[in-house]
Structure formats: structure tokens, C-alpha cells
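**Q** Here it is, the structure in full.
The values are calculated or read from the model by the stated rules, or taken from the named source; none is laboratory data. What you are looking at is a predicted structure, and each value in this text was computed from that prediction instead of being measured. A quick note on method: Cβ atoms are made from the backbone with ideal geometry, for glycine too, and the neighbour counts reach across all protein chains shown. Note: accessible area is taken over every heavy atom of the protein model, side chains too, but ligands, DNA and RNA are not part of it. Shrake-Rupley method; radii C 1.70, N 1.55, O 1.52, S 1.80 Å.
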Amino acid sequence: MSETATVKLGDKTYDLPIVTGTENENAIDISKLRDLTGFITLDSGYKNTGATKSAITYLDGEQGILKYRGYSIEELAEKSSFLEVSYLLLYGNLPTKEQLDNFQSAISRHTLIHEDMKKFFDGFPSKSHPMGQLSSLVVSLSSFYPESLNSNQTAEEQNLTIIKLIAKMATVVSWIYKKSIGHPIIYPQNKYDYVTNFLNMTFGQRTEEIEIDPVVVSAMNTLLILHADHEQNCSTSTVRMVGSSDCNLYASIAAGISALWGPLHGGANQAVIEMLEKIKEDGGDTEKWINKAKDKNDGFRLMGFGHRVYKNFDPRAKIIKKACDEVLEKLGIDDPVLEIAKKLEAAALNDPYFVERKLYPNVDFYSGIIYRALGFPTDMFTVLFALGRLPGWVAQWKEMKENKEPIGRPRQVYIGEVNRDFVDISQR
Ligand code: ACO
């Protein structure tokens, strides 16, 4: 491969540098294109645009490969904890025992949230969506920790802001849940690890000590690890874009949470269960719903199918499917929507429409079934995704700052009216 790409415009040619990543991904560096030629590139939805050089996550959509910092997702899901993966994403290496202990105790020290913030939870109507609450609560942390507003924090100060956010996020998420069911909130306890503490605050009772089933802790760890990062997707790009304006961490992450909410992105896990339930109530005729998804005059899409970058299989979906079977078996749960999900998957995988378009089940197809088995209500699913994605968002925000990346500001091709004369309102 030559080290430049040549662009020919009229009778002029321009050489543009080629950038090759460590996994041999190639890109044409067009950063000087407009200066050189007056042209920009047009790429709606950024399907072919690399917005950054990143050392955090690698994925190969054709081969179904996903790695965090060079470690395969399969190995991390099997052998590590969510906090270990968080450390890996944030600081680049797997922690030693001592580093992990220090990280854990730093997190434990900051799990409490300001007592005044409890009033916020009371202000939301009981039916308000947890994602709207989460986004508002995370951005409001910036009011309680105003030192985060300084865009020139030292590395140490910045790290403390990061630790506080990761620590408090689990408390915020579990309190959103407790408030939604009208139960008293449970305070964090330092004796627990991150995931057990979260589960205790979510499912624990004030009056008695509950035992958290290790199967549940393990399933939760797996789900959070699988969601921890996914390179430059819609929400992560949002976090980097918002952060590129020198905006504080809490505001950047709150923007990412809003981006994740949509059903085409993280909101798909809620949409999948709602779809499966609808199909069940409708009599369970999966063929009918497959046909609806194929009908271009019908707005229906098979939720949990298809992915912008995975065009063979989603490696996370494979791990989750296995975890889902294990959890349901160990907890003795017989969920009728699982049968619908399996039938739908089998039908879609054999249907030319889905095969030709390379539409496969994505991570969200099975995650909702596990969340349900663990006892979470449907509208909490995307919040759980956000809890898992948090270390990835933060690592991407941190990398963007460390790389001193410029403010994100795409261009456009203007296609509107040209030079219209103003007409007085009485004449229009
Ligand atoms: N059901 C039916 N048809 C679909 C689906 C689906 N779920 N997904 C894509 N298609 C079809 C499109 O209609 C299009 O068909 P056409 O070429 O005949 O017009 C073709 O497949 C390509 O689809 P695009 O929308 O162009 O693909 P894109 O990469 O832009 O979208 C997306 C990817 C948004 C994930 C899409 O597949 C989708 O809407 N899936 C359902 C929602 C979902 O599960 N989202 C979660 C994604 S994973 C995550 O964010 C964590």
C-alpha cells in the first residue's frame, strides 16, 4: 500500500497521507483537504469518517472482534470484574492487586451523594423515564462539585472527578429505581464491591441484610463488562463532541446518556422486550412480525437486530446469549418471551432479507431478558446500559482531553435558498 492517496479534481492531483492503525486499519487523512482543494467530504451519519485516533477499543465488524486495550471481550467477560475492566479502560492496563484495591477503596469513599440531591429525586413525577432522570441527575452533579468546571484541572484533580462520577453513578441509578417503586433508598456500604453494592442498594431492604446471589453478581458483572465501551458510537461520539468544547465531565456524560436513550441505540434493550411482549400478546406469530419488518411501507423494525458496524455477528450477543441461558436456568426462570426471541432469531437468520442486509442479533437482543430475570423493570434497562458504558465514556473523554483534540465542528453542504429579498409581512 502506498503511503499517500491521490485525489484528482479536474486536472489537478493532490496527495493525501494514509494513516494505518495498529490493527492495520487504513484511513485517508483528509484534514488538509479543504485548505488544499476547497472541497470537503460528505458522509451523512459518519459511516466512513474516523473522528479520532484512539487507543481504547478495537472492533472489527466483519470478523465480529471486540477488544478493550488489546484484550478480547470474551476473555474479559469470563475472567475479570467490571471494576477491573473500568480500570483497564481508564488507565490503559489491567490493575495489579494493589492498584485494584486502591481503586476500589477510592470508589467506595465517594459513593455517597450530597444529601440535598435527594430532593431532586422527589421532584420527578413517579412515571418519569429513568433515562431523563439519570441525565438530569448526572449533569446536576456539576453543581455539587463545582471544581469539575475548571477545564484545566491537574491530572490528580481530574482523576478525583472521574472517581466521584463512577462511584456516585451506581448510587444514583439504584436510587432512581427505589424512588420509582416508592421504596426507601438504601445507602452505599463500603464493605461491598462495586457490583454487589449496586445490587444491594437496588434490591436490598432497610430493615434486614439480604444475601445477593453470586449468580446475579456474576451476570451483572458480565453485562456491565460487555457494555463498557464500543469505540466511536453515537453516545461516545456525543461525549467526545460535547467535551471538546472544554465542557465539564458531568455535562459531557449527561449528553452521552441522552444520546444513548434513543431506541436506535441503547434504548433498543427496552424496545426489544416491549416488542417481544407485543408479539406474545398478539399470539406469538413470529413470521407475521418478520414480514412486517421487511415491509418498507410499515415503520416496524425488528428491535435488537442490525448494527452499524457488526455485519457478521455481534460478539457481545454471543456471550450474552450463553449468559442468558445460564441465568434463567440457575434462577429457575421460565420466561415465555425467551421462546419468542429464539423463534424470531431463527426465522430472521434464515430469511434472505436479513441475510442479504447482514442483520444479526445485537447486544440488546438478549440483555433485556437477563435484566428482567434479575428483577429490573423494563424502563430501567437503558439506565443499566449507561452504568456499564460509563467507564468507556469517561476513558474516551479523558483520551480526547489528553490528545488536546480540537473542538468538534463538522461542515455541511448547504442546499437551501440563495439570496431572497425580504418581503414585508403585509405582502406575504
Ligand atoms: N429490522 C428491519 N430492517 C432493518 C433493521 C431492522 N432491525 N435494521 C436495518 N434494516 C434494514 C434497513 O431498512 C435497510 O434496508 P434497505 O437497504 O432495504 O433500505 C438496511 O437494513 C440497512 O439499514 P440501515 O438503517 O441503513 O443501517 P444502519 O447501519 O444505518 O442502522 C441500526 C443500524 C440503527 C442499528 C439499525 O439496524 C436498527 O435500527 N436496528 C434496530 C434498533 C437496534 O437494535 N438498535 C441497537 C443497536 S446496538 C446499540 O446501539 C447498542
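**Q** Within the set of pairs 6 or more residues apart or between chains, which connect a residue that is within 14 Å of N233 (Cβ to Cβ) inside region 258-276 to a residue that is of a type in the set (A, V, I, L, M) and within 7 Å of the ligand (Cβ to nearest atom) with Cβ atoms less than 6 Å apart?
**A** Qualifying pairs under 6 Å: A268/M303.
**Q** From L349, L344, grab the single residue that is within 16 Å of the ligand (Cβ to nearest atom), surrounded by fewer than 16 Cβ atoms within 10 Å (Cβ to Cβ) and within 28 Å of D229 (Cα to Cα).
**A** Working: L344 fails: surrounded by fewer than 16 Cβ atoms within 10 Å (Cβ to Cβ).
Exactly one residue qualifies, and that residue is L349.
**Q** Looking only at residues in region 296-315 that are away from the ligand (no atom under 11 Å from the Cβ) and within 30 Å of T57 (Cα to Cα), which one is nearest to the chain's Cα centre (by Cα)?
**A** We begin by selecting, within region 296-315, every residue away from the ligand (no atom under 11 Å from the Cβ); these are 297, 312-313, 315.
From the residues that got through so far, the ones that are within 30 Å of T57 (Cα to Cα) too are 312-313, 315.
Numbers: N312: 20, F313: 18, P315: 15 Å.
Looking at the filtered set, the residue picked out is P315.
Quick grid of which residues meet (1) among the small types (G, A, S); (2) closer than 24 Å to W393 by Cα:
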site	(1), (2)
V7	no, no
Y14	no, no
P17	no, no
G21	yes, yes
A27	yes, yes
I30	no, no
N48	no, yes
Y58	no, yes
L66	no, yes
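**Q** Can you confirm whether V383 is touching a residue at least 60 places away in the same chain (Cβ under 8 Å), in contact with a Pro (Cβ under 8 Å, 6 or more places away or on another chain), within 26 Å of F203 (Cα to Cα) and not small (G, A, S)? Working first, answer last.
**A** Values: touching a residue at least 60 places away in the same chain (Cβ under 8 Å): yes; in contact with a Pro (Cβ under 8 Å, 6 or more places away or on another chain): yes; within 26 Å of F203 (Cα to Cα): yes; not small (G, A, S): yes.
The answer is yes for V383.
**Q** Of everything in region 361-404, what is within 16 Å of the ligand (Cβ to nearest atom) and surrounded by fewer than 21 Cβ atoms within 10 Å (Cβ to Cβ)? Give them in sequence order.
**A** Result: T378, single match.
**Q** A follow-up question, please. Residues K358, K288: which one is free of Cβ contacts under 8 Å to residues at least 60 places away in the same chain, more than 23 Å from E75 (Cα to Cα) and either open to solvent by less than 60 Å² (accessible area, probe 1.4 Å) or within 11 Å of the ligand (Cβ to nearest atom) (or both)? Show your work before the answer.
**A** Details: K288 fails: either open to solvent by less than 60 Å² (accessible area, probe 1.4 Å) or within 11 Å of the ligand (Cβ to nearest atom) (or both).
Answer to the check: K358.
**Q** Right, something else. From L33, L16, L100, which residue is in contact with a Ser or Thr (Cβ under 9 Å, 6 or more places away or on another chain), free of Cβ contacts under 8 Å to residues at least 24 places away in the same chain and open to solvent by less than 20 Å² (accessible area, probe 1.4 Å)? First the steps, then the outcome.
**A** Values: L33 fails: free of Cβ contacts under 8 Å to residues at least 24 places away in the same chain; L100 fails: open to solvent by less than 20 Å² (accessible area, probe 1.4 Å).
After ruling out the rest, the residue left standing is L16.
**Q** Just one of (1) under 21 Å from L387 (Cα atoms); (2) outside any helix (DSSP H, G or I) trips up G283, so point out which.
**A** Just one mismatch for G283, condition (1).
**Q** Quick one: in region 104-120, of everything that is touching a Ser or Thr at 6+ places or on another chain (Cβ under 8 Å) and either hydroxyl-bearing (S, T, Y) or not in a loop (DSSP other than H, G, I, E, B) (or both), which residue is most open to solvent (accessible area, probe 1.4 Å)? Working first, answer last.
**A** Within region 104-120, the subset touching a Ser or Thr at 6+ places or on another chain (Cβ under 8 Å) is 111-113, 117, 120.
Then drop every residue that is not either hydroxyl-bearing (S, T, Y) or not in a loop (DSSP other than H, G, I, E, B) (or both), which leaves 111, 117, 120.
On the way: T111: 10, M117: 0, F120: 80 Å².
It comes out as F120.
**Q** Is it the case that I185 is part of a loop (DSSP other than H, G, I, E, B), β-branched (V, I, T) and touching a residue at least 12 places away in the same chain (Cβ under 8 Å)? Lay out the reasoning, then the answer.
**A** On the way: part of a loop (DSSP other than H, G, I, E, B): yes; β-branched (V, I, T): yes; touching a residue at least 12 places away in the same chain (Cβ under 8 Å): yes.
Answer is yes for this residue.
**Q** With out of contact with any strand residue (DSSP E or B) (no Cβ under 9 Å at 6 or more places or on another chain), under 30 Å from E157 (Cβ atoms) and touching a residue at least 12 places away in the same chain (Cβ under 8 Å) as the only criterion, which of G392, G375, G408, G368 stands out? Write out each step before concluding.
**A** Values: G392 fails: out of contact with any strand residue (DSSP E or B) (no Cβ under 9 Å at 6 or more places or on another chain); G375 fails: under 30 Å from E157 (Cβ atoms); G368 fails: under 30 Å from E157 (Cβ atoms).
None of the others qualify; the one that does is G408.
**Q** Name the residue that is nearest to the ligand (Cβ to nearest atom), counting only residues in region 260-270 that are under 17 Å from L390 (Cα atoms) and surrounded by fewer than 20 Cβ atoms within 10 Å (Cβ to Cβ).
**A** H265
**Q** For F203, are the conditions met, namely being over 15 Å from the mean Cα position of the chain (by Cα) and open to solvent by less than 10 Å² (accessible area, probe 1.4 Å)?
**A** Here the answer is no, as F203 does not meet what is asked.
**Q** While we're looking at this one, here's another question. Of the conditions (1) surrounded by 14 or more Cβ atoms within 10 Å (Cβ to Cβ); (2) of a type outside the set (G, A, S); (3) assigned to a loop (DSSP other than H, G, I, E, B); (4) at pLDDT below 90, R301 clears all except one; give me its number.
**A** The number of the failed condition is (4).
**Q** For I253, indicate whether it is more than 14 Å from the ligand (Cβ to nearest atom), touching a residue at least 24 places away in the same chain (Cβ under 8 Å), open to solvent by less than 70 Å² (accessible area, probe 1.4 Å) and not charged (D, E, K, R).
**A** On the way: more than 14 Å from the ligand (Cβ to nearest atom): yes; touching a residue at least 24 places away in the same chain (Cβ under 8 Å): yes; open to solvent by less than 70 Å² (accessible area, probe 1.4 Å): yes; not charged (D, E, K, R): yes.
Judged against the criteria, I253 is a match.
**Q** Which one of these does T238 not meet: (1) free of Cβ contacts under 8 Å to residues at least 40 places away in the same chain; (2) assigned to a helix (DSSP H, G or I); (3) farther than 30 Å from I407 by Cα; (4) open to solvent by less than 50 Å² (accessible area, probe 1.4 Å)?
**A** For T238, the failing item is (3).
**Q** Kindly indicate which of A323, A293 is open to solvent by less than 20 Å² (accessible area, probe 1.4 Å) and more than 10 Å from the ligand (Cβ to nearest atom).
**A** Numbers: A293 fails: more than 10 Å from the ligand (Cβ to nearest atom).
Unique residue meeting the criteria: A323.
**Q** Check region 127-139 and report whether any residue there is modelled with pLDDT under 95 and surrounded by fewer than 15 Cβ atoms within 10 Å (Cβ to Cβ).
**A** Yes: region 127-139 contains one or more residues that are modelled with pLDDT under 95 and surrounded by fewer than 15 Cβ atoms within 10 Å (Cβ to Cβ).
**Q** Tell me which of these V413 doesn't satisfy, since it passes every other one: (1) more than 29 Å from A51 (Cα to Cα); (2) surrounded by fewer than 10 Cβ atoms within 10 Å (Cβ to Cβ); (3) in contact (Cβ under 8 Å) with a residue 60 or more places away in the chain.
**A** The failed condition is (1).
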